[in-house]
Amino acid sequence: MLLEKLYDRNLIRPPKFILTNTHYLVITGSYLYGMTTEDSDRDIVGICIPNKDDIFPHLKNEIVGFGKEKQRFNEWILHHVEDKDNKTNYDFTIYSIVKYFNLAMQNNPNTLEILYAPQNCVLHCTQVGNMIRENRKMFLHKGSKFKYLGYSYSQFNKAKSQTRVGKRKDVVDTYGYDLKFMSHCIRLLDQGLQILEEGDLDPQREREKLKSIRRGEWSFEQVQEYFNMKEKQVEEAYTKSSLPNCPDEEKIKSLLLNCLEHHFGKLDEKVISKVGEAEKKLEEIRNILEK
């Protein structure tokens with residue numbers, strides 16, 4: 001696996017469990033969107049399972065919320081890793097499976113998209129990775145509208161900003177906006193619409209349009225008009241979408257536990273107590289009475 005190769009060459013030093021417990025590893029960014037150029041960096045995003053007592057802190061006698069909070073693994077991030085032998089630069093983000101599930105459940109665009117990566121962008125995938133990929137539609141819901149629109153607005157504002165230096169300033173001076181940020185803005189709008197209309201995501205579907213924007217072939221007026229049109233379509237799709245209004249947390253939690261059991265082996269009641277249907281119904285009744 002890529003992580004082990006770079007570790008053996010002393011280019012990265014992540015926590016040791018990341019090398020053996022990473023279950024899914026994807027190249028994202030321009031590679032994922034089908035927009036690579038000669039100077040494209042390799043953005044690597046993955047999902048790992050940390051040590052058992054990191055996920056279940058009570059196993060080391062920790063009472064969550066009591067005393068000094070213990071540091072638990074959430075993610076490992078390392079930028080600007082230069083592989084001179086292969087003339088490649090890497091940026092790494094490896095999430096704990098628990099943090100990843102939370103972000104994907106919120107339909108965070110940067111997190112959700114890796115589950116829809118084409119096979120040529122998947123660098124490593126175990127059975128646990130396949131379990132998550134095969135159930136990727138479980139994470140989708142109508143809340144994606146707010147995430148994708150929010151991220152798109154952010155990119156649009158960055159694209160209009162005149163505070164640039166170096167090559168990026170030259171681009172803004174020439175075209176009136178930042179081509180890279182604007183391509184991300186339009187990509188997010190298109191992807192958000194695709195999720196709401198189809199309940200699916202193809203990160204490379206609009207690559208030719210995005211390449212055209214990156215080449216500076218769209219005027220700012222054209223981009224603005226397209227943005228306004230797509231924004232309206234997203235609002236309409238939200239109303240008509242057959243996706244659920246919010247994620248099914250119980251179903252997603254069940255998938256998470258299945259992944260953890262596949263990795264650790266059977267989780268007994270000392271690790272996690274599984275609630276039966278009768279107990280769930282009683283809890284629902286209690287919640288209703290309390291309201």
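A few points about this structure:
- Selection within segment 39-55 - in contact with a Ser or Thr (Cβ under 9 Å, 6 or more places away or on another chain) and either assigned to a loop (DSSP other than H, G, I, E, B) or of a type in the set (D, E, K, R) (or both): Ser40, Asp41, Arg42, Asp43, Ile49, Pro50, Asp54
- For segment 1-21, a residue qualifies if it is surrounded by fewer than 17 Cβ atoms within 10 Å (Cβ to Cβ) and not in a loop (DSSP other than H, G, I, E, B), and the qualifying residues are Glu4, Lys5, Tyr7, Asp8, Lys16, Phe17, Leu19, Thr20.
- Meets criteria (in contact with a His (Cβ under 9 Å, 6 or more places away or on another chain), aliphatic (A, V, I, L, M) and either more than 17 Å from Ile132 (Cα to Cα) or free of Cβ contacts under 8 Å to residues at least 60 places away in the same chain (or both)) for Met35: no
Let's see how each residue does on (1) in contact with a Leu (Cβ under 6 Å, 6 or more places away or on another chain); (2) in contact (Cβ under 8 Å) with a residue 24 or more places away in the chain:
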{"site": "Phe92", "(1), (2)": "yes, yes"}
{"site": "Leu103", "(1), (2)": "no, no"}
{"site": "Glu113", "(1), (2)": "no, yes"}
{"site": "Asn130", "(1), (2)": "no, no"}
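- Selection status of Asn135, surrounded by 13 or more Cβ atoms within 10 Å (Cβ to Cβ) and either on the phi > 0 side of the Ramachandran plot or in contact with an Asp or Glu (Cβ under 6 Å, 6 or more places away or on another chain) (or both): no
- In segment 129-178, of all residues being among the hydroxyl-bearing types (Ser, Thr, Tyr) and outside any loop (DSSP other than H, G, I, E, B), the one that is farthest from Cys259 (Cα to Cα) corresponds to Thr174.
None of the figures in this text is laboratory data; all of them are computed from the coordinates on show. Here the structure is a predicted model, which means the values were calculated and not measured. Quick reminder, even Gly has a Cβ in these numbers, built from the backbone with ideal geometry, and neighbours come from all protein chains shown.
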